[in-house]
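The values are calculated or read from the model by the stated rules, or taken from the named source; none is laboratory data. On a predicted model such as this, the values are computed, not experimentally measured, just so you know. Glycine gets a Cβ as well: all are built from the backbone with ideal geometry, and neighbour counts include every protein chain shown. Accessible surface is based on the protein model in full, side chains and every heavy atom, while ligands, DNA and RNA are left aside. Shrake-Rupley method; radii C 1.70, N 1.55, O 1.52, S 1.80 Å.
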Amino acid sequence: MNAPILSLCGIQQTYTSRNASGWGSTRVRAVDGIDLDVFEGETLAIVGESGSGKSTLAKLLLMLTSPTSGKALFNGKDFASLDGELRHQFRREVQAVFQDPASSLNPRMTIEKTLRFIVKRHALRSATDIRPFLADCLMRVGLNPPERYLERYPHELSGGQQQRVAIARAMMMAPKVIVADEPLSSLDVSVQAQILDLMKSLRTLTNVGFVVISHDLGAMHSIADRTAVMYRGRIVEIGENIYTHPRHPYTKLLLDARLTADPTRGRIRSMASAPSMPTLAATPNGCRFRPRCHYAVALCETADPMLRPMPIGQTQVACHRAEELSRHFEIPGGGQRAPSTGDSLKA
């Protein structure tokens, strides 16, 4: 495999906030010791509940914030050491697509003016070639005929059309990687499917890689080459086949909470039936998932599990009982009864 475009090495991001009482402060590790590689041409999904640190991780990958400790690398070079030329290269090769496309488009500028500014700023085309270039960019993302959209303002477009414009804007720079933070959450389900198909098509045509931040495992299953599951600032499982062979209890909990298209089943188990995620400030000793885990043992109370490779496949899991639980969690055909708290694996 080629060298990674982006790498995170032991990254930590800590925030300090003043307590509501006005006395003292609380330190929160939004990202807590993550190692991660991002490759050109692959789609990496990062999933988890709200508050798990996904968006903070996206900001670190986009160099929008500096880590408290650890290193973030672009083509093997530390973000902190990037000079003007390398920083300019980073901004061209690593692009962003945000959750709310309307807020990322200037409401006072037409789509043409918005995109034309970027072309001029980065000298992508000569003055006479700008409009044909913009028309081609919009056609690539399915906005046909492009003349219908160039003269419109953002509020005159639907949410799906706005997101296509945002993707076209990112693709104008011919990036190696696009980091998309919840790009589907503000869209209707039918439009979400269209945007996912568009991302697949762009990857096939241009070999651009995607890092997609999402809480929707169903959508990510259809597009991701690898999926990283985050919980309380850590990656607890990462691999290619977590949807059919989950090995961490939290991954299984997320998969059980998915909506299914099969009308005979409905939800296997709702997330509401499980204990809620504690605040980041209240990290327990040992395994951070232990307060919600039906399979915790004495070791989980004292030892914090680190990511380690499984004997079979390319999955890495942070669970003391991963090998034992993986046989019990297997989901042939996309669904299997979740073991109850009375099953034999219960501690």
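Using a 1.4 angstrom probe on heavy atoms only, work out the carbon and sulfur share of the accessible area of the chain in %.
The computed percentage sits at 50.
Please give me the summed charge of the neighbours of residue 50: other residues whose Cβ is under 13 Å from its Cβ, Lys and Arg +1, Asp and Glu -1.
Here the count lands on -2.
Enter the accessible area of residue 176 (Å², nearest 10), with the probe set to 1.4 Å and all protein chains included.
60 Å²
If each DSSP helix of 4+ residues adds -39,500 (n - 2.57) and the sum is divided by the residues in the chain, what number results at 222 nm, nearest 500 deg cm²/dmol?
Counting only the DSSP helices, I get -8500 deg cm²/dmol.
Ranked highest first by the average count of other Cβ atoms within 10 Å around their residues, in what order do 12-18, 241-247 fall?
241-247, 12-18
Quick check: residue separation of residue 113 and residue 17 times 0.36 nm, minus the Cα distance between them. What number comes out in nm? Don't skip to the answer; put the middle values down first.
Values: separation 96, 0.36 × 96 = 34.56 nm, distance 4.01 nm.
Length gained, residue 113 through residue 17: 30.6 nm.
Which FRET efficiency, nearest 0.05, do residue 78 and residue 2 yield, Cβ-Cβ r, R0 22 Å?
Efficiency, from the Cβ-Cβ distance: 0.65.
For a quick check, take a GNM of the chain with Cα springs below 10 Å and name the residue from 239, 53, 313 with the largest mean-square fluctuation.
Evaluated over the chain, the most mobile residue of the options is 313.
Cβ under 12 Å from residue 127's Cβ, residue 127 left aside: what net charge do those residues give with Lys, Arg +1 and Asp, Glu -1?
Cβ neighbours under 12 Å give a net charge of +3.
Could you tell me the accessible area of residue 87 in Å² (1.4 Å probe, neighbours in place), rounded to the nearest ten?
Residue 87 has an accessible surface of roughly 90 Å² with all protein chains in place.
So which cysteines of the chain have no other cysteine's Cβ under 4.7 Å from theirs?
9, 137, 293, 319
Can you put 85, 182 in order of accessible area, largest first, using a 1.4 Å probe?
Result, largest first: 85, 182.
Rounding to the nearest 10 and keeping the result within 0 to 90°, find how far the Cα-based axis of helix 84-93 lies from the longest principal axis of the chain.
Computed tilt is about 80 degrees.
Any chance you could run the full-extension gain for residue 188 through residue 174? It's 0.36 nm times the residue separation minus the Cα-Cα distance, nm to one decimal.
2.2 nm
Output the antiparallel fraction of DSSP beta bridges having both residues in the chain, as a percent to the nearest 5.
Looking only at bridges with both residues in the chain, the antiparallel portion is about 60 percent.
What FRET efficiency comes out for residue 25 versus residue 55 if R0 is 22 angstrom and r is the Cβ-Cβ distance? Round to the nearest 0.05.
Values: r = 22 Å, r/R0 = 1.00.
Efficiency, rounded to the nearest 0.05: 0.50.
Suppose a student asked you for the relative contact order of the chain, using Cα pairs under 8 Å spaced at least 6 residues apart; what percent would you report?
19 percent
For the chain, with a Gaussian network of springs between Cα atoms less than 10 Å apart, report the residue from 183, 146, 132 with the top mean-square fluctuation.
Result for the chain, Cα springs under 10 Å: 132 fluctuates most.
Provide the per residue accessible area, probe 1.4 Å, for the chain, rounded to a whole number of square angstrom.
48 Å²
Around residue 139, what is the net charge, scoring Lys/Arg as +1 and Asp/Glu as -1 over all other residues with Cβ under 12 Å from its Cβ?
+1
Probe radius 1.4 Å, ligands and nucleic acids left out: which of 37, 181 has the largest accessible area, and how do the rest follow?
Result of the area sort, largest leading: 37, 181.
Let me check something: with ligands and nucleic acids excluded, how do 155, 221, 294 order by accessible area (1.4 Å probe), largest to smallest?
Details: 155 140, 221 85, 294 65 Å².
Sorted descending by solvent-accessible area, the residues read 155, 221, 294.
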